[in-house]
Structure formats: structure tokens, C-alpha cells
Amino acid sequence: MCGLTGSWEPHGARDGEELKRVARNMAWLAESRGPDDAGEWADPNAGIALGHRRLSIVDLSPRGRQPMVSAGGALVIAYNGEIYNFPGLRAELEAAGVSFRGESDTEVLLEACAAWGIERAIGRCIGMFAAALWDRTSGRLHLVRDRLGIKPLYWARTPRGLLFASQPKCFSAHPDWRPAVDRASLAEYLRHGYVNAPRCIYRQAFQVRPGHILTLDARGEAQEHCYWNAALVARSSLERREPLDDKEAVDGLDELLRDAVARRMVADVPLGAFLSGGIDSSTVVALMQSQSRRPVRTFSIGFNEKHFDEAVHAGAVARHLETDHTELYVAPEHALDLVPTLADRYDEPFGDPSQLPTLLVSELARRHVTVVLSGDGGDELFAGYNRHARAGTLRRLYASSPRWARKVSSGLLTSLRPQTWDRLAGLAPERLRPRQLGDKLHMLAEVVSLEHFDDVYPRLVSHWALDAELVPGEGPGAGRREPAELDAGLESEVERMQLMDLLTYLPGDVLTKVDRASMACSLEARVPLLDHRVVEHTWSLPADLKIRSGETKWILRRVLERYLPRTLFDRPKMGFAVPIDRWLRGPLLDWAADLLDPRSLGEDGLFNVELVRSRWHEHQAGTHNWQYSLWIVLMAQAWRRRWLAPPPPEVAPEP
């Protein structure tokens, strides 16, 4: 796992040493992504430079150093990621006469691209990756991103050329970089809490989309080619669905997941896993332990606030599986100390508060291992979110009830404040007690009062009303995503939601959160549930294997039952939460009040000041819990102070 950077100025006047120095400075800002080694390469005649920071995982020797030039000299690569089937690809290339200098997957990927062509080589890779490939023969630059968007890759235009990097903060080390906010992207961020590809928060900057190869020539013209399309995968998989009996289906998924996990357990450095005690992480750890000769290292964090603590469940799973388990109970002060650093670690605005516990568990794991496996992706693939479970009921409600009746129901739900609903929920047995019942019922109230069912998903994934003008001048509804935009001809509302999640929320929020948090700690996080073969397989499964009789993740639960008693994981979904609502009224009050000061908010006309201030006052008064929408604005404000007018970046030391 690494960080890549580079610049291309086809008509520039920088000499080779200056090009290398700029690439080195850009890469220095991504040092945490690769603390073990660094390198740069430049061709002054072409005006191209590549920089790299290395976190050594496979082949720890200097022979794995990047940027790397192919044996034939035609291709140069800077690459971030892991190719899990590289031994098989290497054997095939060797049989065809290709000689290798080292043992790294980087070299296998590079020589595969040289021998087979970039698209064919990438299409044969099982893994997570982002790569910049310079073709010295054609004079073209290829930017490649993995199928699901596990690894990030950004690029930006400048007056004299273009820049590219694993994270946009690297651009600030280039002398031609002039940061400016893209207002449409800001509106999308404020609505959803993240900026999804191909957009970037900066004007003239973009993300390479998952499953795409972006090719640029010396004239600055870009051609985008999709080599793997999730919507097409979904549609084609549904077309070839065949009936399966339950045992056959569970056997097939079990076998495929075991292979996906086993491939990700190969490393030349210590390896472990995140364990929350939920279905997804427990499945990954159970499959790891069943294929390991020694106890797997597992890590979890806990909070003294019982309502937010999952460590007790993780500990029970770890004891049953007999893992080598490490847990840390985090004092609120430890989490709060991270808040001022978030803009550095998440160098594009990012508004999911679970970034805090993700950072904390990454810090904990990095003290013991260099690689972890994570259970991310299970909710998207196996229909695990509450919106998936309720989609059919909501569809029937909209079909059978006029809007006036739904509005009456909405009024009844909002007749009690969220805090009152929470107190009523406290009367239920702890095992069955829903979390944040009041907030959920108030959201449901708004959802059932919408005019059309097609408005339901956009509202469920938005932190502001759909008609809110979040960024002055962008108009009401800016940043909203329409279901038809990503419609692949799916008839099932659950599967349409799953596809939307796979294309937007998964790469934009979940995977961005894990990548930035783990890489900030120089920790590689691998996600076996997002092996593209698993993704393709799950789309081919009948819908009732995902949700059956109201039970989500039905088939994944049946796999896990083979390794773990159901009593250890059969409980209400918790998530990875922190008590932001209370913190904004307590220990974070002064920090938040400063960032949400009307003069600060009104600067540059980027925010609807009146709307934000109204929610701030209501939150402080306790009449509403606006923790998520306020956190999104706070993270944008913290980012703006750090990156729009930053001090001069540190200069990398000379090699």
C-alpha cells in the first residue's frame, strides 16, 4: 500500500532535477501512505514526473522500489495497492519468456501491462489498485482505478499541464496549484457528507471513476474507458439467475469467501483484522481463523458510553474463535483530541463521524501489525441497511395510501420529540432496544410525507431536505442524485438501492473513510468482501437469499453460522458511532461555535448561513438532533481553513 504522485507539463521548461524535486515534494505530503521508502522518476523531454511513497508489504527489498520501469523500457509505473493473484499471473508471464528482477506484485502488474496491454492486464487482476502508467512510446499517460474504488486516484488541470496523486493534498506542493472550491461539488458534499467520483471538491480537479482507465495525451485531451461496470454486472447477473437450493447457495458463497479471504492473508509483514462483533467483520475473522495455523490478531475499540460500545460483542466473538484479541476502551478525551487533526487526514471534506472510531482502531492495530482485513462491503452486497429492509414496505405504503394519509401519519410520528421516543425505547429489553429511535422515526416521518416513492432513496441518503438550497446560487436540490441516473433496469426497489449504494455511498463514504484512516496510520486495510468475484456472485443470487422474512443478509448469516453460534451475532445493527450530538453541546461546543460563526460561515458565500445557524440553535436548544448535518458543515469549515489558504507545505528532505 502506497501513495503515488506526479505531474505532466508537455510544454514546460523544468529540467529533470526540478521535475524530480516537485514530485518528491508532492509525495512527501503523502508520507504516511508510504513511510518505508520513496522514489521519483522524470523524463524532462516529455515533461513527465512520477513520485512514490512505499509501505512495504510484499518483497521488502529495494527491488520493489517505485516508480518502476518495465524490462523493455516502454512503460513506467507508480502504483498503490495489492494484486492478490499476482503469483499466477507471474507464472504465466514467465512461461511466455518474461524475466523478473524481484518478487513484487508491482513488477508483475507492470510486465503484464507491457505484454498484454493495459486493459487486458487490469481485467485479469484480483485486487485493489490505483496506478499511473506512462507509455514512453505513445507519449500518453494512463490513470487506472480498481473496480470498486477501494483505492483513490485524483487528477487536476493546471495552466501548464496536469497533476495526479493518491490524495488531493499532494497538489498543494506543486508551484502551479491554485485551489478553488467547486460549488456544485460542495453542494453534493453538504447533502451526502462526501464528494463522489468523478467530482472533486476543487475546481478543475477530478477523481478517476472506479472501474475506469483515463488516458491523457500531450494536448490535454482525456479519453475515459470503463473496463468494469457495476450496473452492467448487476443487469447481466440478474439475467442469468437460476434457482438454487439453500444449501447449494450457502456452500458456493462459503467457498468463494474463503478463497477471497485466503488471498488477502498473504503478506511479508504482520497481519490482523478489525473486529466489531457484527456480521461482516465476524465472518471475515472466522474465515481467517479457520485457515490459519495460529491465532489471528484482532482489534476492536470500546466506548464507556454503553449505547455506543460494541467491544463486548467483539470480545465474545474473539473468545469463541480463539483469536489473539486486543481491545482498547477509549476515553472521550482521546477521540476529541483527534477532531482538530481530521482536516489533515481527510484532505477533502468528509462528514461521516465514524471516521473517528475508524482512526482509533487503525491507530490501535498499527501498534501491532502492518496489514488488516476489514468487513466493509457486506451491507451493500447482502442488503444489510435498514433502508433495504424497509424498501418493500415503503413501496407498498406509497402504492396504497394517498399523500394526505401519509402526512397524517407523519404528524403523529413527529408529535413526540426524538428524546421522548428514545426514553420510550429505553423501556424495551436491552437486546431489542433500537438505537436512536427518535431520530429514525422523525426521518421516517419526513420520508412517508414525500410526494413520490422515487424521492425516498435520495432523502434517506441526504442530511438535508431535498428542496434545501445549501450553497447560494446552486439552487434548491443541488447535489441530489436521482435514482434514474443509475438505473440499470432493475425492477426490485431493494436491488436498485443496493446498486445506488455500490456506486455512490460505498466508494464515496465507506471506502474513503477506511482508506484515509488506515493510511493516516501507515496501515494497509484489505476488504475481502469486495473481491470483484464476490460482487459478481452476489448479484446472481436470488433476492430472497439476501432478505428473507424481514431478515437482512440472510445468506451471509447462514455462512457465519457454520463458524459461530448465532447468539453471538444475532442482535440489532449498531454501526460504528460516536456521541457527536452530546459532544457538540459539551466538549466540542467552543470549537464548533468558532467554525459556525456567521462571519466565518459567510466568507466567500459558500454556505447558506441562515439555514446552518438555524440548525445550530435548534441543536443547542435540544429541540432537534442535527448532529450529522452540522458535522458535515463543521468538517467543510475545518477543511477550508486548512487547505484553501494553507501555509507553505513542508519541503521533502533531499534523498
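The values are calculated or read from the model by the stated rules, or taken from the named source; none is laboratory data. Everything quoted here is computed from the prediction, not taken from an experiment. FYI the Cβ positions are ideal-geometry reconstructions off the backbone, even for glycines, and counts take in every protein chain you see.
Miscellaneous remarks
- For the range 244-268, residues that are under 26 Å from Ser61 (Cα atoms) and in contact with a Leu (Cβ under 9 Å, 6 or more places away or on another chain) total 5.
- Qualifying residue in the range 76-88 (condition: assigned by TED's automatic domain parsing to the domain that holds Leu162, aliphatic (A, V, I, L, M) and farther than 30 Å from Arg219 by Cα): yes
- Selection over the range 259-307 of residues that are part of a helix (DSSP H, G or I) and more than 19 Å from His320 (Cα to Cα) gives a count of 7.
- Filtering the range 575-613 to residues that are touching a Phe, Trp or Tyr at 6+ places or on another chain (Cβ under 8 Å) and modelled with pLDDT under 90 leaves Ala577, Val578, Pro579, Ile580.
- A Cβ distance below 7 Å, combined with a sequence gap of six or more or placement on separate chains, defines the contacts here; from the range 233-247, residues that are closer than 21 Å to Leu530 by Cβ reach residues that are exposed (fewer than 12 other Cβ atoms within 10 Å of the Cβ) in the pairs Arg235/Gly489.
- The single condition among (1) of a type in the set (Asp, Glu); (2) farther than 18 Å from Ser374 by Cβ; (3) modelled with pLDDT of 90 or more; (4) more than 22 Å from the chain's Cα centre (by Cα) that Asp324 does not satisfy is (2).
- Candidate set from the range 391-417 (those that are among the charged types (D, E, K, R) and in contact (Cβ under 8 Å) with a residue 12 or more places away in the chain); member that is surrounded by the most Cβ atoms within 10 Å (Cβ to Cβ): Arg406
Table: residues versus (1) over 30 Å from Arg136 (Cβ atoms); (2) acidic (Asp, Glu); (3) touching a strand residue (DSSP E or B) at 6+ places or on another chain (Cβ under 6 Å).
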| site | (1), (2), (3) |
| --- | --- |
| Val208 | no, no, yes |
| Thr215 | no, no, yes |
| Gly220 | no, no, no |
| Arg235 | yes, no, no |
| Arg240 | yes, no, no |
| Glu248 | yes, yes, no |
| Leu256 | yes, no, no |
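- Any chance Leu450 is in contact (Cβ under 8 Å) with a residue 60 or more places away in the chain and not assigned by TED's automatic domain parsing to the domain that holds Ala621: no
- So Thr283, is it in the same structural domain as Ser540 (by TED's automatic domain parsing), more than 15 Å from Leu530 (Cβ to Cβ), touching a Leu at 6+ places or on another chain (Cβ under 6 Å) and surrounded by 24 or more Cβ atoms within 10 Å (Cβ to Cβ): no
- Taking the conditions (1) outside any helix (DSSP H, G or I); (2) farther than 21 Å from Met497 by Cβ in turn, Gly384 satisfies each one other than (2).
- Exactly one residue among Arg178, Arg147 is more than 26 Å from Tyr628 (Cα to Cα), under 23 Å from the mean Cα position of the chain (by Cα), assigned by TED's automatic domain parsing to the domain that holds Ser7 and not in a strand (DSSP E or B), and that residue is Arg147.
- Applying the condition of being among the small types (Gly, Ala, Ser) and closer than 13 Å to Ala636 by Cα to the range 582-601 and asking which residue is surrounded by the fewest Cβ atoms within 10 Å (Cβ to Cβ) yields Ser600.
- Single residue of Ser70, Ser7, Ser32 found to be in contact with a helix residue (DSSP H, G or I) (Cβ under 7 Å, 6 or more places away or on another chain), modelled with pLDDT under 95, among the hydroxyl-bearing types (Ser, Thr, Tyr) and surrounded by 16 or more Cβ atoms within 10 Å (Cβ to Cβ): Ser32
- Residue within the range 208-224 that is closer than 30 Å to Leu601 by Cβ, assigned by TED's automatic domain parsing to the domain that holds Ile118 and of a type in the set (A, V, I, L, M, F, W, C) present: no
- Just one of the listed residues (Pro62, Pro44) is surrounded by fewer than 21 Cβ atoms within 10 Å (Cβ to Cβ) and within 19 Å of Asp268 (Cα to Cα), namely Pro62.
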